[in-house]
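Beneath this line is the structure, given in structure tokens, with notes to follow.
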Amino acid sequence: MNIAMASLSVQLVLYAVAWLLLGHTFRLRRSVAILWSSAWFAGACCTLLVFVSATYTTVNLDLVVNTLVLCCFLLIQQGLDLFTGRQSPRWMYAGLLGCVALIEALRQAGPTWIVWQVALFTLIACWPLAATLVRMAVWLRTERKSSIGLVILVVSPLIVTMALFLVRLLLVLRGVTPGTVQFSQGSDFDVLATILFLLMLGAFNFSLATIILGGTIERLRTMSETDQLTGLFNRRVMMRRLHEEHARFLRSGHRYGVISLDLDHFKRVNDEFGHGVGDQVLRAVSDILKSCQRNTDTLARMGGEEFMLLVPLTEEAGAEIQAQRICTAIGETDLKTDAGSLRMTMSIGVAIVLAADTSVKTVIDRSDVALYRAKEAGRNRVELASDASIH
């Protein structure tokens with residue numbers, strides 16, 4: 001049993017160091033990584049004290065060990081609270097600490113209270129583990145849209161760990177184990193539980209790392225696809241969606257439209273009021289554009305004051321109506337800025353994919369040509385690519 005405790009202590013230290021490296025070297029959710037590193041350091045101290053208690057039988061460290069176990073589980077839960085942006089009730093911490101004090105009082109009262117000691121210890125161990133399990137499952141389902149199978153796989157180490165505590169309580173209730181709750185006594189169940197706990201620690205840390213790294217990858221993906229100023233998609237996403245939509249057009253014949261949008265005289269805003277006000281104008285215009293798009297549309301800022309709207313399953317008449325609605329909304333809205341309310345206008349070009357369009361580029365080019373005609377015709381207007389022959 002002493003060898004198992006020593007192995008468990010070493011493993012916990014390695015996990016603590018690994019989370020510190022993740023938090024500081026790779027800067028992956030630093031505060032969360034520090035909390036989980038502290039949890040495993042507390043666990044390592046706990047198993048080390050159990051080892052000391054087994055070696056020096058005159059030293060009773062039950063209170064310290066129980067407190068460290070509780071701290072380990074609570075720090076894991078706090079880290080997950082911070083990661084998911086939710087907060088556990090404060091009364092829970094006070095209640096669990098009260099249970100630790102009650103366990104110590106029962107131990108002082110004598111061995112006749114052994115069942116109550118084990119029951120309370122099972123409670124303070126399983127409560128934060130159950131709260132962590134629920135928090136992980138809910139976050140994976142709501143935020144990551146994970147399948148039920150993946151959720152079960154991720155939380156299974158917590159389920160097994162709680163099951164070990166509950167089985168131990170059941171054995172004590174039936175009088176199977178020695179009349180003690182000390183793991184240092186080394187019953188067969190203690191040895192088996194420690195070996196399983198070693199395996200579950202590895203699986204649980206893998207689950208935590210999966211959540212952290214998965215969240216980091218998701219944030220990086222969002223950053224790579226999002227215009228940081230306006231929150232709209234960027235050119236990269238728009239070009240990908242255009243190619244996808246054009247491929248669908250070639251397969252099924254479902255037409256789509258490209259609406260090119262450009263703010264009129266935007267340079268004057270930057271020159272007269274500064275780039276800070278210019279940024280406020282772009283954000284306000286982006287909000288208007290988002291309010292005018294359909295759920296199936298893709299809206300992106302292509303650069304500077306240029307925007308683009310991809311409208312799937314749309315004929316020219318529908319795309320023109322949508323473009324006119326945008327043009328009117330921009331021109332009639334007072335944009336709130338630090339320089340006061342400003343009025344802007346927008347020139348818009350509309351192109352619908354044709355059977356002769358072998359690539360997305362030809363559709364974009366026709367939309368841009370229509371946009372330039374809108375500029376030349378006096379701005380604050382919509383021009384259709386199909387009207388090119390008229391001009």
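See the values below:
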{"item": "Selection from the stretch 252-297 of residues that are within 30 Å of SER359 (Cβ to Cβ) and of a type in the set (Gly, Ala, Ser)", "result": "SER252, GLY253, GLY257, SER260, SER286"}
{"item": "Helices (runs of 4 or more DSSP H) (entirely within the stretch 30-123) containing at least 3 residues that are of a type in the set (Gly, Ala, Ser) and either open to solvent by 10 Å² or more (accessible area, probe 1.4 Å) or under 24 Å from LEU166 (Cβ atoms) (or both)", "result": "30-55, 90-109"}
{"item": "Filter result for the condition that a residue is among the aliphatic types (A, V, I, L, M), touching a Lys or Arg at 6+ places or on another chain (Cβ under 9 Å) and modelled with pLDDT under 80, over LEU61, LEU82, LEU22", "result": "LEU22"}
{"item": "Scope the stretch 350-380; condition closer than 19 Å to GLN324 by Cα, among the acidic types (Asp, Glu) and in contact (Cβ under 8 Å) with a residue 24 or more places away in the chain; matching residues", "result": "ASP368"}
{"item": "Exclusive hit being in contact (Cβ under 8 Å) with a residue 24 or more places away in the chain and open to solvent by less than 10 Å² (accessible area, probe 1.4 Å), set VAL281, VAL277", "result": "VAL281"}
{"item": "Members of the stretch 304-347 found to be closer than 16 Å to LEU261 by Cα and among the small types (Gly, Ala, Ser), listed by number", "result": "GLY304, ALA319, ALA323, ALA329, GLY331, SER347"}
{"item": "Strands (runs of 3 or more DSSP E) within the stretch 285-391 that include 1 or more residues aromatic (Phe, Trp, Tyr)", "result": "306-312"}
{"item": "Cβ pairs under 8 Å, 6+ apart, first in the stretch 244-259 and in a loop (DSSP other than H, G, I, E, B), second of a type in the set (D, E, K, R) and open to solvent by 80 Å² or more (accessible area, probe 1.4 Å)", "result": "ARG255/GLU315"}
{"item": "Flag if ASP334 is under 37 Å from the mean Cα position of the chain (by Cα) and more than 16 Å from ALA284 (Cα to Cα)", "result": "no"}
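The values are calculated or read from the model by the stated rules, or taken from the named source; none is laboratory data. Note that the coordinates shown come from a computational prediction; the quantities given were computed from them, not determined experimentally. Cβ sites come from the backbone with ideal geometry, for glycine too, and all protein chains shown count toward neighbours. Surface areas here come from the heavy atoms of the whole protein model, side chains and all, with no ligands, DNA or RNA. Shrake-Rupley method; radii C 1.70, N 1.55, O 1.52, S 1.80 Å.
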